[in-house]
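Reviewing the structure listed below.
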Amino acid sequence: MTYNDLNIHPRDAHLSFDPDTHSYHFDGREMTSVTTLVEDCFPKFDKNYWAARKALQEGVDPDMILDRWDREAQHARDLGTMMHDKIEHYYLGEDQGDDTDAYRLFRLFAANNRLHPYRTEWRIYHEDFDLAGTLDFIECTPQGKFNIYDWKRSKKLIDPTGRILTESRYRATGLHPVNHLPDTSYWHYALQVSIYRFILEEKYGISVSKMRLGVFHPSYHTPWIVELPYLHNEVRSILSHKLSHSAIAF
């Protein structure tokens, strides 16, 4: 029996997930994913505009640029999914002994940091806001403290000198009600993990101590652990905004 079996929660039975459509359902009712909610808090990337500019620079058709970007994005997603799967197997005692790609850095991190897994790939939800998402990893230390870890295969969080990239080069920001947050990967992830924490504390009776990103990318020479702030006020504002707009739509 694994820690996922030992720490099963009564709420788990009410949430289903369709991997093909990446959709969550609570007792048959479709939920908004945390990822989608966070994406809606920031301006959308105008890929057609930027593809046209890039195509002009390279002297090619914009469709070629769009196709290349799509292939690169899918490849990155596939590698990220593979890394997540390997990390989950590691904590289930099934380390594949694989030092390729970003997993090499995770194994380096794991060798120097003993975590105490409570649940991995845990699907959680807040039915009051029709919201659901999947936690990568939550530990419960011997002292009874719960810490969230979110694994990222990304090179957009840390610069070559080891500086965390919290500011936008173009001074871009989020949308109301988080238009004070810079539009960077760091703040996207801080908001994402803060929502997970909010759900755990409100609906699962779990008080979270720390929120961290484990950043592993093959372009880095070392793993990075990034502490995240709890954006409690921002989460409250976003969910209130979501609720009011849902009521108007209804």
Here the net charge surrounding Tyr125, from other residues whose Cβ is less than 12 Å away from its Cβ (Lys, Arg +1; Asp, Glu -1), is -3
Among GluC sites (Glu not before Pro) in the stretch 33-142, those in a DSSP loop whose Cβ has at most 12 other Cβ atoms within 10 Å are Glu94
Of all trypsin sites (Lys or Arg not before Pro) in the stretch 1-68, which ones are in loop regions per DSSP and have a Cβ with at most 13 other Cβ atoms within 10 Å?
-> Lys44
Can you check what the net charge comes to around Leu165, using other residues whose Cβ is under 11 Å from the Cβ of Leu165 (Lys, Arg +1; Asp, Glu -1)?
-> +2
Scan (i) 18.8; (ii) 15.7; (iii) 12.6 for the value of mean projected area of the Cα convex hull in nm² calculated from this model and give just the label.
-> (ii)
Sequence-distant residues sharing a close amide H with Asp150 (under 5 Å, placed H) = Arg212, Leu213, Gly214
Obtain the nm distance between the two label points defined at Thr35 and Arg71 by a simple spin-label model: each point lies 7 Å from its Cα along the Cα-to-C-beta direction.
-> 2.3
Sorted by chain and then number, the residues having a modelled amide H within less than 5 Å of the amide H of Arg119, at least 5 places away or on another chain, are Ile138
Sequence-distant residues sharing a close amide H with Trp224 (under 5 Å, placed H) = Val215
How about the stretch 129-197: which chymotrypsin sites (Phe, Trp or Tyr not before Pro) there are in a DSSP loop, with at most 10 other Cβ atoms within 10 Å of their Cβ?
-> Tyr170
Rounded, prolate or oblate (a/c below 1.5 giving rounded, otherwise prolate when a/b exceeds b/c) for the stretch 109-250 by Cα gyration tensor | oblate
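Computed from the coordinates by the stated procedures, all read-outs in this text should not be read as laboratory data. Bear in mind that the values here come from a model prediction, so they are computed numbers and not experimental data. For neighbour counting, all protein chains shown are included, and Cβ atoms are generated from backbone atoms with ideal geometry for every residue, glycine included.
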